[in-house]
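*Asks:* Before I ask anything, here is the structure I am working with.
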Amino acid sequence: MSVLIFIENWDGKFKKISFELASYGSKVAEMLRTDPVALTIGNVAPGEVDRIGKYGIGRVINIQNNAIHSFDSQLYSFLIDHVARKEKATVVLFSNNNTGKSLAPRVSVRLHAGLGAGVNQLPSGLEPFIVHKKVFSGNAFAQVMIKSPVKVLTLAQNSFDLIENPKEVVMESLPMPAFEQGIKTEVLETQKQTGKILLTDAEIVISGGRGMKSSANWGPLVELADLLGAATACSRPVSDEGWRPHEEHTGQTGKIIAPNLYIAVGISGATQHLAGVSSSKYIVAINTDKDAPIFSAAQYGIIGDAGKILPKLVEEVRQVKGK
Amino acid sequence: MKILVCLSHVPDTTTRVKFADQNTKLDSTGIQWVINPWDELSLTRALELKDDPSCGIDKVTVAHVGLAATEPTIRKALAIGADDAIRINAAPADAYYVAAQLATVIKNDPYDIILCGIESSDYNGSAVGGMLAEFLNLPSISSVSSVAIQNGKVIVNREIDGGKEVVVAPGPFIAIVQKGIAREPRIAAMRGIMMARTKPLKVVEPIDCEPLTEWLSYDLPKPRAACKFVDPENPGQLIGLLQNEAKII
């Protein structure tokens, strides 16, 4: 038996969501009295594997092959299935991000394993196996029983704290098993955002809505974000108007994020917007309308105009940070 | 080429959900049911492709797993412009069950492009598209934000964490789509609503399939503590609270 943890490889490096997953996986393995084992595909930078060991993982399996040059969900699911069977995994874990969402359902069918998607805490029972997850876009939660012998789970981002439990890591290279059907998708072009903090990775997010009044007023918001090491986001009307790029839209149909701090500036907080940000640990709202629904989701609020408040916040943060 | 759009039927996204029978099931009183927002955008894009003769799309079909009560949602898709519809006559027990039903129908009558929304706004599983692809042994491309057809080749953009990729899928495949795929959902015109009544809606009986999960109970989020207001004349106080009280900056 084992708990298999899929660790996403970002050009040889691992990210915080994978450390959250490793922490979660070691705890699940402890509950099941078995061992966690991590799987990562492709070249790994020296020292990176030790970073996984810090969160309770003693074994990492690595598959490398020149045939794996782009992300193909069929190939990756085939490889994960292969390792899961070899390791007799009873639980297979993914992060609930783009990659995890594309692999977990495929692996679930291959292993005839029930899927718990977007779980946000440790299983509340083992026999039967019960997980807790968000439903109705954050308006409710559900307890879901997984009835199959093997379970596949995806872990909601920023829902599980890192738990340090350093282990000496052994990395095993596994030869690539023959993938007879071949890769059917072809990646023509990859564009990566560089230099900016990714919205989905950010611990602090500052988001502007219609109350910002025009794209020309974003200066102080971006400045505040830079000072706090935050990513910038926006509400749907803002991206629809073209004031900010679509990639910044957070909300039900845009990006679903769960930072530690979400600062909503000039955003009224419609249900669809809150669906994308309600898992944030803290929400701060700045709005001229004291009855705006965003204030009932927020822990801290300022009733006032963004144009006046933001520059004062920038000034304060500068002083505090001594910049 | 033929396109299939998989539809899920969900409560309107502004619904304040409530639960019944000791929080073991959704209380559907007063709920307005709609086409899942991502599926509605998929359908819109499928119809845009069909409208462009250079894309060579002959037919757009919608498929749905649901009991007879969901037919108004399917008729709405026909009114928006789908050519025909398939309803698999079963309550959608879980994602595995739904994908297995859809797979059976598609095996008997294959499509060139299958579009599935990235998630449904009710159970937020993000699972049916990928599971369906695995049942059919087809390639799947997830987080797709555009689908175009150029010289008979289907080209999609997929979002990756921190960027975008342009991907080609030769042959039949499943696109699991998200925001960006179409600008605004297409709305049914009066003529479409009239025509929808006579468009073919085939009802298929389900195959035997054991769901792998069971929904036991629901709970509502704990109400957040009341918002603490900072004097707008002195917004700098906020930074102090975030530093010393919340300890997050």
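The values are calculated or read from the model by the stated rules, or taken from the named source; none is laboratory data. Small disclaimer: the values here were computed from a predicted structure and weren't measured. We place every Cβ from the backbone using ideal geometry, glycine too, and count neighbours over all the protein chains shown. The accessibility values were calculated without ligands, DNA or RNA, using every heavy atom of the protein model including side chains. Shrake-Rupley method; radii C 1.70, N 1.55, O 1.52, S 1.80 Å.
*Asks:* Enter the accessible area per residue of the protein assembly as shown (Å², integer; probe 1.4 Å; all protein chains in place).
*Replies:* Numbers: 23670 Å² over 572 residues.
Accessible area per residue: 41 Å².
*Asks:* Please find, in a Gaussian network model of chain A (springs between Cα atoms separated by less than 10 Å), the residue of A:ALA117, A:ALA84, A:ALA142 whose mean-square fluctuation is greatest.
*Replies:* Highest fluctuation of the listed residues: A:ALA142.
*Asks:* Between A:SER70 and A:ARG210, what FRET efficiency follows from the Cβ-Cβ distance if R0 is 51 Å, with the result rounded to 0.05? Don't skip to the end; give the middle numbers.
*Replies:* Details: r = 39 Å, r/R0 = 0.77.
Once the sixth-power term is evaluated, E becomes 0.85.
*Asks:* Based on the alpha-carbon set only, what is the convex hull volume of segment A:214-314 divided per residue, in Å³?
*Replies:* 90
*Asks:* Something else about it: Given a cut-off of 19 Å, name the pairs among A:LYS13/A:LYS86; A:LYS101/B:LYS164; A:LYS54/A:LYS281; A:LYS134/B:LYS25; A:LYS15/B:LYS179 whose C-alpha atoms lie farther apart than that in the structure shown.
*Replies:* The answer is A:LYS13/A:LYS86; A:LYS54/A:LYS281; A:LYS15/B:LYS179.
*Asks:* Test of understanding: in a Gaussian network model of chain B with alpha carbons linked when under 10 Å, which of B:SER143, B:SER121, B:SER28 would top the mean-square fluctuation ranking?
*Replies:* Of B:SER143, B:SER121, B:SER28, the Gaussian network model singles out B:SER28 as fluctuating most.
*Asks:* Two-decimal Rg/Rh of chain A from alpha-carbon positions, Kirkwood Rh?
*Replies:* Rounded to two decimals, Rg/Rh equals 1.01.
*Asks:* In Å², nearest 100, what accessible area do chains B and A bury in total when the solvent probe is 1.4 Å?
*Replies:* Heavy-atom accessible area buried at this interface is about 7300 Å².
*Asks:* Still on this structure: What share of the DSSP beta bridges in the protein assembly as shown is antiparallel, in percent to the nearest 5?
*Replies:* Percentage antiparallel, nearest 5: 35.
*Asks:* Please list the equivalent ellipsoid semi-axes of the protein assembly as shown, computed as the square roots of five times the alpha-carbon gyration tensor eigenvalues, in descending order and whole angstrom. Numbers along the way, then the final one.
*Replies:* Values: eigenvalues 254, 193, 111 Å².
Values for the protein assembly as shown, descending: 36, 31, 24 Å.
*Asks:* Here is a follow-up. Say we join alpha carbon atoms closer than 10 Å with springs in a Gaussian network model of chain B; which of B:ALA46, B:ALA91, B:ALA133 then has the biggest fluctuation?
*Replies:* Largest GNM mean-square fluctuation: B:ALA91.
*Asks:* Continuing with this model, one more query. Per the 1.4 Å probe, what fraction of the accessible area of chain B, in percent, lies on carbon and sulfur atoms?
*Replies:* 53
*Asks:* Still on this model: Over the Cα atoms of chain B, Rg to Rh with Kirkwood Rh, two decimal places? Don't skip to the answer; put the middle values down first.
*Replies:* On the way: Rg = 21.2 Å, Rh = 20.0 Å.
Taking Rg over the Kirkwood Rh, I get 1.06.
*Asks:* Calculate what fraction, in whole %, of the accessible area of chain A sits on carbon and sulfur atoms when a 1.4 Å probe is rolled over the protein chains.
*Replies:* 50
*Asks:* Could I ask something else about it? Treating only the Cβ of Lys, Arg, Asp and Glu as charged (+1, +1, -1, -1), what charge dipole size does the protein assembly as shown show about its Cα centre? Round to the nearest 20 debye. Present the calculation step by step, with values, prior to reporting the outcome.
*Replies:* Values: 59 positive and 61 negative charges, 80 e Å.
Computed charge dipole of the protein assembly as shown: roughly 380 debye.
*Asks:* Which positions within segment B:216-231 get 50 Å² or more of their accessible surface covered by the other protein chains, compared to the chain by itself, with a 1.4 angstrom probe?
*Replies:* Those are B:LEU216, B:ASP219, B:PRO221, B:ARG224, B:CYS227, B:PHE229, which lose 50 Å² or more relative to the chain on its own.
*Asks:* What's the angle, to the nearest 10 degrees (0 to 90), between helix B:95-108's Cα axis and the longest principal axis of chain B?
*Replies:* Taking Cα atoms only, the helix is inclined about 20 degrees.
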